Amino acid sequence: MSLKRFGRILIMTERFILIGHPVAQSVSPPIHQKAYSAFNRKAEYHLVDAPTEDDVAECVDQIRLGQISGANITVPWKKLALRLADRVADSAQKVGAANVLARNAQGEVVAHNTDAIALAEELKLAYSALLASQGKAANTPPGSAMILGAGGAALAAVVSARQAGATHVYVSARRFTKGSEPESWPGADELLAIGAELIPWPSDTGVQEVFFAALQNCTWLIQATSAGMKGKASGEGLAQMLHLSQVKPLVAYDLIYNPTMTPFLIEAERFGHIARGGLGMLVGQAAHAIDIWWGILPEQQPLLQAAREAMGLSPVVEGT
């Protein structure tokens, strides 16, 4: 990876980047360019594939020097971005991971997290749809949330679920196995620090009862792994393992946005659950990132339309 194309320049055209590995499949550029055009800002958005930590550090240095105006961070570098920043905003501190980097007036790189607020907005909207589908009052309090996965996305999901009103937030991941104390599981300290309750992965019949007892009280089931993502494992095994036919109606939310319907979501919809993919969250976190960089929050509907168009999807009709 090289950022030499940005060079030592006086920035008249602002340059923003997405740092991750891989990033070629991202539809973030059309989302951002739609917002830049709406604000009549002279700005560009580039994808930067960063295979190593040194590549990420190089990007952060260029933000510090003012050669790049700001950055979004995606997998697998959200925790690293937090460590490389000079300052950490409350939004990233609460999550323990950063998906936005900005440069302040002192030339310091500041880490932010817009994933959590974007997902919280999505979870609330989906919960309203769940209540409407059951004929329940809009002010009916929600129950718990179950999150699948233990990476940076799962950290944001814990905070999001709390913001959406979850009474308990459970986290289960393949690395959480029976036979050891939850505190010793990989990543446990970060999840416990933000109030998550850890549950063993239900692949072992000896722990399935604990997992499904918790799931029966959940309003939200959030899929925060790469299972089902384009170019990754199909996700069919995960979908079938959850036995969604035996779970009370809930919101099944997949952070994956490509494809729009993963095996997890197909299975959830099949058994009457509210199924939502991550495209709305992607657009929401981008909008809030732009607000951090410019102090202007763009309207999200045009950004969503731009993302759908880039993916070859039909436009969304407002009000449907």
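The values are calculated or read from the model by the stated rules, or taken from the named source; none is laboratory data. Note that the structure is a prediction, hence the values are computed from the model and not measured. For neighbour counting, all protein chains shown are included, and Cβ atoms are generated from backbone atoms with ideal geometry for every residue, glycine included.
Annotations
- Here LEU297 clears all of (1) closer than 26 Å to ILE68 by Cα; (2) assigned to a helix (DSSP H, G or I); (3) without any contact (Cβ under 8 Å) to a residue 40 or more places away in the chain except the condition numbered (2).
- Per this entry, SER91 is not counted among residues that are surrounded by fewer than 21 Cβ atoms within 10 Å (Cβ to Cβ) and either at pLDDT 95 or above or polar (S, T, N, Q) (or both).
- Considering segment 243-256, the residues that are crowded, with 22+ Cβ neighbours inside 10 Å and out of contact with any His (no Cβ under 9 Å at 6 or more places or on another chain) include one that is farthest from ILE222 (Cα to Cα), namely ILE256.
- Single residue of ALA137, ALA120 found to be in contact with a helix residue (DSSP H, G or I) (Cβ under 9 Å, 6 or more places away or on another chain), of a type in the set (A, V, I, L, M, F, W, C), at pLDDT 95 or above and surrounded by fewer than 16 Cβ atoms within 10 Å (Cβ to Cβ): ALA137
- Against the numbered list (1) at pLDDT 95 or above; (2) touching a Lys or Arg at 6+ places or on another chain (Cβ under 7 Å), PRO200 comes up short only at (1).
- Boolean, LEU192 is more than 16 Å from LEU250 (Cβ to Cβ) and without any contact (Cβ under 8 Å) to a residue 12 or more places away in the chain: yes
- When segment 27-51 is filtered for residues that are out of contact with any Pro (no Cβ under 8 Å at 6 or more places or on another chain) and not hydrophobic (A, V, I, L, M, F, W, C), the ones remaining, listed by number, are SER28, PRO29, PRO30, HIS32, GLN33, TYR36, SER37, ASN40, ARG41, LYS42, GLU44, PRO51.
- Residues within segment 216-242 that are surrounded by 14 or more Cβ atoms within 10 Å (Cβ to Cβ) and at positive phi, tallied: 2
- Tally of residues being in a helix (DSSP H, G or I), free of Cβ contacts under 8 Å to residues at least 24 places away in the same chain and aliphatic (A, V, I, L, M) across segment 126-141: 2
- Just one of the listed residues (LEU282, LEU297) is buried (at least 23 other Cβ atoms within 10 Å of the Cβ) and in contact with a helix residue (DSSP H, G or I) (Cβ under 8 Å, 6 or more places away or on another chain), namely LEU282.
- TRP77 meets each of the listed conditions (1) within 16 Å of the chain's Cα centre (by Cα); (2) under 21 Å from PRO298 (Cα atoms); (3) crowded, with 22+ Cβ neighbours inside 10 Å apart from (2).
- The residue that is nearest to LEU242 (Cα to Cα), among those in segment 262-315 that are out of contact with any Ser or Thr (no Cβ under 8 Å at 6 or more places or on another chain) and aromatic (Phe, Trp, Tyr), is PHE264.
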